[in-house]
Amino acid sequence: MAAPWEDVLRNEPAIQEAASVAVDAALLEGVLMRTEGEPNASDVVNYAPFTLLPSAVPTVLFEQAYAVQQDFNLLVDAISQNKEFLEDTLASTIKVDDFTAQLFRIHVQVLEEGLAQSVFLGINRSDYMFDCGVDGTPALKQIEINTIAASFGGLTSRTAAVHGQVLKMLGKSKEASRLLPNNPSKGLALGIAKAWELYGSQSAVVMFLVEEVQRNIFDQRCVENELWNRNIRVIRKRFRDVFEKGSLDDAKRLYMDGQEVAVVYYREGYVPKNYDQQNWEARLLLERSRAVKCPDIATQLAGTKKVQQELSRPGTLERLLPGRAEAVTRIRATFAGLYSLDVGEEGDKIAAMAIADPDQFVLKPQREGGGNNLYGEELRQVLEKIRDSPERTSYILMDKIKPQPAINYLLRAHSPLQVSECISELGIFGVYVRQGKEMVMNKAAGHLLRTKAIEHADGGVAAGVAVLDTPYLV
């Protein structure tokens, strides 16, 4: 999967000059993050890490990833509406995983009270790697689907322009012209705007629910500005603001500082450390409201690893998507091997298989945000420790995907320029809006390519491991 700039990679002076141009281009285009030292201040910023050159991606796999995204949107939405499926699938997990259990308790409480929300908005990102089979043919294999706070739709909208500039400077204008336009921030905003419109109050606002530490604010601002351009007011609040100032009226309309909230867009709330008792109370208040939550709590649960593993069982997709045989085939073609560690004979066998050959697998806890998975010796040690404990049901096991590495330079502020062997992960953003039972919008909204050096097994851009990239189709 070589890109057509192998010649350039051996030309040290050209690389040095290109790196300097690339950094300035990233700053000009707004590929920005706040600094670790001042994560909540925008008076000192730096460029978000990115590759010097675009990475080769096989056209056929890129097109396959786009073609299946609407199917995944339908699947996530179907799971979110299927209380029995979520209950059965997560039964063993919620016994041993407090975080998933707490989310599930809120889900049940809201259903028992009766859903106030009638418009549903999903913004998800399905992530893939290119598995190099025994014969060397790459295949598209899904890593996971993110149903809450799927990030970098904003910054990746600006990254292709940077790579285009670098290629032109290296005398590769023809190749630069082949880079695909990509604007997920616009697609995500279209979904939010549609949900806001269907909510039906011109004066209501969209609330971005944000973290205490906001290094990645510019990524969010890209989406926010698209909404302001449509004359939709946006406010930014934290869980603690909701706890202190949020309220519901008799019709379960949500108010913040006296303003009615039409849409709550979560960029927070996906890991246990986002919550204390007050934040859980704030989450419950939001879930009980009429406001469109992106995601509502059922959709967040639909993105758990345990659900991902259950979907790979024969017959599950057919039950969730009846009458959609072609969609089921497209979805199933992207699955890597996924295995349950539930207590019982099957789980015992799977655990023994992974302990005997840990390099063939990945051990995944029910967590989002990157940097949580276990590999190799660490996987073996953890599994040996919990193999006879119900705690193992809070994990799933997945076949390790083995992509073909490629050479690139990863540009990071204050880091020396050095060549790395790298692997990439392709994410496709999906957006859907449902009103009652009617699907009003269902689309793929753009892509995100992230690349990391092969010595890092796990972790994304926010986790400080991967960097932003642009696909060059080959």
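The values are calculated or read from the model by the stated rules, or taken from the named source; none is laboratory data. Computed from a prediction, not measured in an experiment: that's the story for all the values here. Cβ placement follows ideal geometry from the backbone for every residue including glycine, while neighbour counts extend to all protein chains displayed. Each accessible area value is taken on the protein alone, full model and side chains, heavy atoms only, with ligands, DNA and RNA left out. Shrake-Rupley method; radii C 1.70, N 1.55, O 1.52, S 1.80 Å.
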Exercise for the section: Answer with yes or no whether Ser289 is buried (at least 18 other Cβ atoms within 10 Å of the Cβ), among the polar types (S, T, N, Q) and more than 30 Å from Asp249 (Cβ to Cβ). Expected result: no
Practice task
Might you check whether a residue that is under 30 Å from Glu421 (Cα atoms) and without any contact (Cβ under 8 Å) to a residue 40 or more places away in the chain occurs anywhere in the range 56-74?
Solution key: yes
Completion exercise
The correct count of residues that are of a type in the set (S, T, N, Q) and closer than 27 Å to Glu6 by Cα in the range 23-69 is 4
Exercise for the section: Spot the failing condition for Leu284; the list is (1) over 30 Å from Gly200 (Cα atoms); (2) of a type outside the set (Ser, Thr, Tyr); (3) in a helix (DSSP H, G or I); (4) open to solvent by 30 Å² or more (accessible area, probe 1.4 Å), and only one is missed. Expected result: (1)
Exercise for the section: Identify all residues within the range 356-397 that are over 24 Å from Glu425 (Cα atoms) and open to solvent by 20 Å² or more (accessible area, probe 1.4 Å); write none if there are none. Expected result: Ala356, Asp357, Arg380, Gln381, Val382, Glu384, Lys385, Arg387, Asp388, Ser389, Pro390, Glu391
Practice task
Pick out the one residue from Arg380, Arg330, Arg367 that is touching a residue at least 12 places away in the same chain (Cβ under 8 Å) and assigned to a loop (DSSP other than H, G, I, E, B).
Solution key: Arg367
Handout entry: Test: Asn124 is within 11 Å of the chain's Cα centre (by Cα), open to solvent by 10 Å² or more (accessible area, probe 1.4 Å) and at pLDDT 95 or above
Key = no
Practice task
Check every one of the strands (runs of 3 or more DSSP E) wholly within the range 93-211 and list those with 3 or more residues that are more than 30 Å from Asp276 (Cα to Cα).
Solution key: 119-132, 138-146
Problem - Lone unmet requirement of (1) within 25 Å of the chain's Cα centre (by Cα); (2) closer than 26 Å to Val467 by Cβ for His414 - result: (1)
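So that you can scan it fast, the table gives a plain yes or no per residue for (1) at pLDDT 95 or above; (2) buried (at least 22 other Cβ atoms within 10 Å of the Cβ):
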{"site": "Val21", "(1), (2)": "yes, no"}
{"site": "Leu28", "(1), (2)": "yes, no"}
{"site": "Pro49", "(1), (2)": "yes, yes"}
{"site": "Asp97", "(1), (2)": "no, yes"}
Fill in the blank from the handout: Over the range 317-355, the set of residues within 24 Å of the chain's Cα centre (by Cα), aliphatic (A, V, I, L, M) and surrounded by fewer than 16 Cβ atoms within 10 Å (Cβ to Cβ) is Ala333
